[in-house]
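Structure first, commentary second.
The values are calculated or read from the model by the stated rules, or taken from the named source; none is laboratory data. In this text, all values refer to a predicted model and were calculated from it rather than measured experimentally. A quick note on method: Cβ atoms are made from the backbone with ideal geometry, for glycine too, and the neighbour counts reach across all protein chains shown. For accessibility, only protein heavy atoms count, side chains too; no ligands or nucleic acids. Shrake-Rupley method; radii C 1.70, N 1.55, O 1.52, S 1.80 Å.
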Number of protein chains: 2
Amino acid sequence: MAVITDPKKIEQVLRKNVDAVYPDFDSLKKRMMTGKRIRLYCGFDPSSPFLHLGNMAIFKKMAEFQSLGHEVIMLIGDFTGMIGDPTDKKAARKKLTREGVVKNSKNYKDIAGKILNFKGSNPAKVLYNSKWLDKISFKDLIDLASNFTVQQVIARDMFQERIKDQKPIYLHEFLYPLAQAYDSVAMDVDLEIGGSDQIFIMLCGRDLVKALKNSEKFFLSLMLLPDESGKKMGKTEGNAISITDQPDELRRKIMLMEDSAINPVFNACTDASLEEIKSLDPIGAKEKLADTIISMIYGKDRAEKTKKEFNRVFIEKKLPSEIATVKIEAESLNILDLLVRTRLAPNKSEAKRLVLQKGVKIGEVIQDDWKKNIEIKKGLVIQVGKGKFVKVI
Amino acid sequence: MAVITDPKKIEQVLRKNVDAVYPDFDSLKKRMMTGKRIRLYCGFDPSSPFLHLGNMAIFKKMAEFQSLGHEVIMLIGDFTGMIGDPTDKKAARKKLTREGVVKNSKNYKDIAGKILNFKGSNPAKVLYNSKWLDKISFKDLIDLASNFTVQQVIARDMFQERIKDQKPIYLHEFLYPLAQAYDSVAMDVDLEIGGSDQIFIMLCGRDLVKALKNSEKFFLSLMLLPDESGKKMGKTEGNAISITDQPDELRRKIMLMEDSAINPVFNACTDASLEEIKSLDPIGAKEKLADTIISMIYGKDRAEKTKKEFNRVFIEKKLPSEIATVKIEAESLNILDLLVRTRLAPNKSEAKRLVLQKGVKIGEVIQDDWKKNIEIKKGLVIQVGKGKFVKVI
């Protein structure tokens with residue numbers, strides 16, 4: 001397809017939800033105005049099958065470039081995933097198997113495919129960085145590493161924090177920027193997209209492309225989605241809203257978001273303009289956000305269904321229309337054993353916490369005695385928190 | 001051959017010219033007393049064909065272990081030579097070709113072979129670390145690197161100095177300890193020998209052997225040979241006495257050493273006991289040292305010849321018995337041009353410096369006018385400094 005050079009459309013892509021453009025907005029705009037196709041990518045760390053709204057914002061931005069006719073690569077970090085991006089990490093990460101990575105990332109393509117186009121005349125590509133990084137030898141690495149200084153790498157925020165806290169930085173974590181920088185060289189890209197917490201890593205890629213190819217790699221950082229406390233919303237923080245959740249769960253989480261977190265997500269994940277977003281009241285905004293996001297991923301009908309279900313449970317305070325069931329043979333069980341057996345709690349101490357916090361209802365009655373024995377009857381409904389139900393059959 | 005467990009001989013090997021034993025003297029002695037053969041090595045950086053008295057001290061120590069029946073490996077760092085050991089280095093080093101390394105190290109084996117035995121029932125081996133390091137992939141390196149922390153590597157003295165001086169440390173230099181540590185793993189050695197400036201690197205090897213093989217690698221550091229100012233004598237400092245020089249040059253350099261530098265070299269490079277060394281007067285000590293070292297490398301006859309020659313030129317102030325000759329067609333030449341043409345000075349500015357410092361004699365007359373034209377005659381002798389002569393033919 002032809003590359004679209006409409007300055008208004010380019011401006012829109014380069015402004016909406018964008019944190020910064022490197023080296024600067026004007027240079028990238030100028031490059032895009034030439035009508036020459038841009039090859040761009042974003043890397044995804046396949047540490048779990050889980051994708052969140054921050055990832056969705058990335059897919060959205062990639063789709064915007066795709067719709068202008070540019071070439072989009074979704075890069076799965078199956079090699080770098082072995083090292084583990086040390087961004088904000090306090091502890092070493094479990095290593096992944098190649099199979100696990102491929103399995104996790106299959107899911108990424110499915111979800112991204114709701115937003116990006118993997119077919120048609122300008123299909124997005126999926127690449128795996130093991131393809132080139134598996135072939136890098138120690139000798140190659142010496143050559144690559146000679147383009148960076150220790151001072152440059154150690155300046156990274158979280159390394160400085162670890163040094164301050166007298167926590168170890170393992171030497172292999174120092175190799176992460178190198179591996180990711182080499183991705184840009186191997187794929188010969190013009191542009192990288194990432195969250196604003198990826199600027200350091202994207203700068204390394206820019207430096208290496210300059211050193212090895214004497215060309216300029218642009219990059220574009222997106223705003224991070226804040227959680228209610230203003231922190232970045234992400235996998236690491238454990239506060240992310242997963243878009244790989246079941247649609248009812250996704251609706252519930254969006255509807256229960258803090259009001260202040262709605263506008264940034266709206267701006268990042270939908271086509272709505274800031275004026276449109278600001279004109280909505282908080283409840284209306286949440287409903288529209290949930291409708292839009294669930295429609296994008298699961299379709300309009302499904303979005304409509306989750307809305308009805310949400311109203312039924314949270315507004316009308318009825319039981320959900322479908323409740324997971326569990327068969328229990330015992331005549332009675334201690335409440336903690338029951339919660340663990342029905343998987344409403346991962347273990348007894350968590351079950352106890354839930355009971356003491358009055359988060360457990362059995363047969364419509366809030367339970368606060370963790371020593372209590374519960375008589376097991378067919379049809380008994382056990383509820384934890386606002387949205388988790390199980391029925392005994 | 002059987003391993004010798006005579007405690008007196010072991011003590012001698014572990015004490016003479018030894019700076020430290022890791023983890024401690026007693027553990028290594030105990031290990032050697034078991035009669036089990038020890039596999040030990042020292043690594044040599046093949047940056048030039050040049051070997052100095054510090055290297056000779058290492059060969060000597062290796063030979064002592066060999067004479068007790070232990071297995072000795074001379075490791076040529078043909079892979080690590082590509083990175084360049086950053087010990088005390090202020091600037092990046094020129095990379096070596098594989099061919100250059102092999103050529104330089106052929107010379108090492110020849111010289112070492114005067115002291116170590118590369119034949120017989122317990123021959124020393126020569127290994128090249130490219131054999132295993134060429135095969136290390138990026139993925140392997142991640143695993144290796146995870147055994148070290150950045151804090152541990154950066155603690156190295158010369159890295160701290162560079163940080164203090166705000167000079168860059170290149171990331172590939174951080175990989176040097178890793179490569180050298182892996183040598184110990186690949187060769188499965190029990191012991192490493194090195195100068196006391198190599199302790200950091202040898203500790204890394206110890207750590208990696210512990211981590212990957214759960215076994216203990218000992219190491220033994222030798223005293224560094226001081227130059228007249230008390231600094232380490234070595235290639236990097238440019239003050240080393242080369243044992244790959246011509247024998248007359250070697251005699252000259254030893255005879256001109258500062259008195260204070262004699263005893264350490266004597267102790268490090270010969271079998272003489274400290275008592276024996278201390279009983280000699282400075283001139284006698286120098287003569288004996290020169291005799292012993294030149295005999296070891298070039299044979300007794302040659303040592304005797306260098307002694308005669310030294311006395312002829314430096315005591316009797318006669319011309320050397322053999323003088324390099326040069327054919328010059330011109331009738332006269334400016335003195336600076338003459339010095340450059342005869343290769344007694346590398347360039348005209350150095351030639352000028354030599355003339356102004358009264359370091360140049362032509363036809364027995366000291367020359368101090370750098371503008372002077374010299375009449376060229378057959379048989380004219382040109383002398384620079386105490387020992388460099390050229391005759392015009």
Complete set of residues in the range B:13-45 that are modelled with pLDDT of 95 or more and touching a Gly at 6+ places or on another chain (Cβ under 7 Å): B:Arg37, B:Cys42, B:Gly43
Among (1) more than 22 Å from A:Val13 (Cα to Cα); (2) buried (at least 21 other Cβ atoms within 10 Å of the Cβ), the one test that A:Leu191 misses: (1)
Kindly indicate whether B:Ala155 is modelled with pLDDT under 95 and surrounded by fewer than 14 Cβ atoms within 10 Å (Cβ to Cβ). yes
So which of A:Arg156, A:Arg162 is of a type in the set (D, E, K, R), within 14 Å of chain B (Cβ to nearest Cβ) and touching a helix residue (DSSP H, G or I) at 6+ places or on another chain (Cβ under 6 Å)? A:Arg156
Those residues of the range B:256-276 which are within 23 Å of B:Glu304 (Cβ to Cβ), assigned to a helix (DSSP H, G or I) and modelled with pLDDT of 90 or more, in sequence order: B:Val265, B:Phe266, B:Cys269
Hey, any hits in the range A:90-100 for a residue that's modelled with pLDDT of 80 or more and not charged (D, E, K, R)? yes
Restricting attention to the range A:277-287, does a residue exist that is assigned to a helix (DSSP H, G or I) and closer than 23 Å to A:Lys9 by Cβ? yes
Tell me which residues, restricted to the range A:128-155, are more than 25 Å from B:Ser137 (Cβ to Cβ) and either touching a Lys or Arg at 6+ places or on another chain (Cβ under 8 Å) or assigned to a loop (DSSP other than H, G, I, E, B) (or both). A:Ala155
Quickly run through the range A:140-151 and pick out the residues that are free of Cβ contacts under 8 Å to residues at least 24 places away in the same chain, more than 7 Å from chain B (Cβ to nearest Cβ) and out of contact with any His (no Cβ under 8 Å at 6 or more places or on another chain). A:Asp140
Going by the conditions given, is B:Gln180 assigned to a helix (DSSP H, G or I), open to solvent by less than 50 Å² (accessible area, probe 1.4 Å), in contact (Cβ under 8 Å) with a residue 40 or more places away in the chain and away from chain A (no Cβ under 14 Å)? no
In a loop (DSSP other than H, G, I, E, B), in the same structural domain as A:Lys106 (by TED's automatic domain parsing) and of a type in the set (A, V, I, L, M): is that true of A:Val189 in this structure? yes
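Residue-wise test of (1) among the hydrophobic types (A, V, I, L, M, F, W, C); (2) open to solvent by 20 Å² or more (accessible area, probe 1.4 Å); (3) assigned to a strand (DSSP E or B).
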residue: B:Arg312; (1), (2), (3): no, yes, no
residue: B:Thr325; (1), (2), (3): no, yes, yes
residue: B:Leu344; (1), (2), (3): yes, no, no
residue: B:Glu350; (1), (2), (3): no, yes, no
residue: B:Val355; (1), (2), (3): yes, no, no
residue: B:Lys361; (1), (2), (3): no, yes, yes
residue: B:Trp370; (1), (2), (3): yes, yes, no
residue: B:Lys386; (1), (2), (3): no, yes, no
Answer yes or no as to whether B:Asp78 is at pLDDT below 80, more than 19 Å from A:Ile136 (Cβ to Cβ) and buried (at least 20 other Cβ atoms within 10 Å of the Cβ). no
The number of residues in the range A:97-127 that are outside any helix (DSSP H, G or I) and either acidic (Asp, Glu) or within 14 Å of chain B (Cβ to nearest Cβ) (or both) is 1
Out of the residues in the range B:327-342 meeting the condition of being more than 23 Å from B:Val313 (Cα to Cα) and among the polar types (S, T, N, Q), tell me which one is most open to solvent (accessible area, probe 1.4 Å). B:Ser332
Test: B:Ala285 is open to solvent by less than 90 Å² (accessible area, probe 1.4 Å), within 16 Å of B:Gln246 (Cβ to Cβ) and either modelled with pLDDT under 90 or in contact with a helix residue (DSSP H, G or I) (Cβ under 6 Å, 6 or more places away or on another chain) (or both): no
